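One structure is given here, and the rest of the page talks about it.
Just so it is clear, none of the values below were taken in a lab; they were calculated from the coordinates. Being a predicted model, the structure only gives us computed values, none of them experimental. Every residue, glycine as well, gets a Cβ built from its backbone with ideal geometry; the counts of neighbours run over all protein chains shown.
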Amino acid sequence: MKVAIIGAGISGLSTAFFLKKGGVEVTVYEKNSYPGGTIRSKFINGFLVESGPNSTSETNTVIDEVVTELGIKGELVYANDNAKHRFIVRGGRLNALPGGPVDFITTPLWSLRGKMRIFLEPFIGRGDHEESIAEFVERRLGKEILDYGINPFVAGVYAGNPSELSVRAAFPKLYALEEKYGGLIKGAIRGVRERRKRSEKARISAKLFSFRSGMGILPVTLANRLSGNIVYGAEVERVSSEGGSFVVSAVNHSTVSYNAVVLSVPAYSAAEMVRTWNSILAEELIRIKYPPVAVAVLGYSSSAVKADMNGFGFLVPEVENRKILGSIYSSSIFPGRAPENSLELTTFLGGSRQPEIAMLPDDEITRIAHRENAELMGISSEPIFSHVTRWERAIPQYNIGHLEIMKVIDRIEYENKGFYICNNYRNGISVADCLANGKKIAERILAG
């Protein structure tokens with residue numbers, strides 16, 4: 001069997017890795033000269049710059065399987081215990097996210113009325129239509145929890161708009177608590193037992209990890225294991241079906257037929273590849289939106305920062321009217337992220353909230369990120385290091401209607417044996433999700 005995989009991001013690499021392990025002849029087409037997609041790590045002047053994800057969580061067993069087989073388990077680094085401390089901005093101040101019932105009662109993040117509203121949650125009925133995460137949370141927990149809890153969380157995960165994201169698509173486990181148990185509180189209590197049976201961990205309790213040299217080592221090592229199977233500089237123009245085979249046409253490369261093909265590229269790229277073969281699929285794929293995001297990595301002298309750096313970082317609610325989505329305390333979470341007597345912050349700007357900011361010049365993005373961090377964290381001097389990465393189309397948005405798009409993909413896969421889609425706009429956006437989904441697609445192909 002010959003299988004083509006389009007895209008050497010983490011989804012495509014994972015699929016190829018498990019297919020090759022199963023004895024399949026696989027060819028990976030990658031338009032760039034390097035693997036990993038958005039996952040790239042490099043040290044500049046002693047500061048680690050992560051262009052994409054800074055970490056992922058051990059939410060499934062595939063992660064351990066992959067890093068063990070690749071021989072990089074010894075490179076794993078787990079987040080500092082203090083990383084469980086996270087902060088939310090309210091009134092221009094950093095407030096610790098409650099870690100338990102006592103903290104919830106005393107936190108200034110929510111008013112007494114906002115806290116009392118939660119006690120009504122077990123008595124709220126189920127929704128009767130596909131809701132946005134904003135509708136869902138406001139209905140079950142109240143607007144104040146939405147504004148100073150879920151809104152910043154959504155910005156941190158998706159860089160998205162809670163009023164547009166589908167709760168069923170973007171947060172299926174949250175939605176399932178209501179659907180299966182009738183409420184969030186009841187479901188959270190009873191769900192713990194079921195996760196243990198499935199050997200899964202709740203994302204909130206799963207261990208956060210990266211690697212000593214950054215997340216980039218994962219795709220690079222996967223690509224090295226696939227040496228000889230990846231064709232770099234191969235920009236695929238068209239994928240079509242002819243006589244039971246799939247034909248891949250790439251710029252300046254020969255047209256080749258395969259028994260199966262896996263599209264592991266962003267939805268907007270996949271849409272153009274299949275447009276002449278399946279216009280219905282193309283039209284569905286282009287409905288998936290990708291807001292722009294800028295990532296500003298800033299380095300400071302340790303003595304310049306007044307705020308307590310013992311934590312993961314902070315998120316900014318939209319109602320605070322600031323120009324950043326939040327910042328990660330990179331050098332506090334993992335070791336070796338900054339030179340001695342220095343610290344590193346990774347700040348995110350733009351997203352669905354303020355897309356125009358992500359498109360500003362690098363020096364303006366740096367200036368905004370520094371000013372916002374300085375005001376919130378009491379930073380007394382200019383950064384000693386800065387680096388900006390801009391993604392014009394960053395994270396796929398699982399908006400209202402996303403599940404209908406997924407149904408179309410399911411149907412087209414069913415009707416076209418040998419055609420598959422595996423990317424972070426399907427079944428989860430995290431690195432852990434992409435690894436697991438790659439294995440699932442490989443297993444489907446191997447099963448015939």
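Points worth noting:
- Each of ARG275, ARG93 has some number of other Cβ atoms within 10 Å of its Cβ, and from fewest to most they run ARG93, ARG275.
- Distance in nm between pseudo-label sites at ASN95 and LEU446 (7 Å out along the Cβ direction from Cα): 5.0 nm
- Across the chain, the relative contact order, built from alpha-carbon pairs under 8 Å that are at least six residues apart, equals 26 percent.
- Answer label for Cα extents along the principal axes in Å (calculated), chosen among (i) 74, 51, 44; (ii) 69, 47, 44; (iii) 66, 55, 40: (iii)
- A protection proxy built from the mean count of other Cβ atoms within 10 Å ranks the segments 115-125, 253-263, most packed first, as 253-263, 115-125.
- A Förster radius of 22 Å, combined with the Cβ-Cβ distance separating GLU340 from ILE44, puts the computed FRET efficiency at roughly 0.85.
- In nm, spacing of pseudo-spin labels at LEU120 and GLU235 (7 Å Cα→C-beta vector): 5.5 nm
- With both labels modelled 7 Å from their Cα along Cα-to-Cβ, the TYR414 to SER249 distance reads 3.0 nm.
- Set of aspartates and glutamates with alpha-carbon distance to LYS306 below 13 Å, sequence-local pairs under 8 removed: GLU375
- Cα-centred dipole magnitude for the chain, charges only on beta-carbon of K, R (+1) and D, E (-1), debye, nearest 20: 1160 debye
- For SER342, residues with placed amide H under 5 Å, excluding near neighbours: SER302
- Length gained on full extension, ILE105 to GLU392: 99.2 nm, using 0.36 nm per residue less the C-alpha separation.
- Debye, to nearest 20: dipole size of the stretch 110-197, +1 on Lys, Arg Cβ, -1 on Asp, Glu Cβ: 660 debye
- Packing, taken as the mean count of other beta carbons within 10 Å per residue, orders the peptides 153-160, 42-49 from highest to lowest as 153-160, 42-49.
- GLU404-LYS207 FRET efficiency (beta carbon distance; Förster radius 45 Å; 0.05 resolution): 0.80
- Once the chain from ASN259 to SER227 is taken as fully extended at 0.36 nm per residue, the excess over their C-alpha distance is 9.4 nm.
- Entries in LYS84/LYS207; LYS21/LYS42; LYS2/LYS440 that, when Cα-Cα distance is taken, lie over 20 Å: LYS21/LYS42
- Which of THR68, THR221, THR15 has the fewest Cβ neighbours within 10 Å, and the rest in rising order: THR68, THR221, THR15
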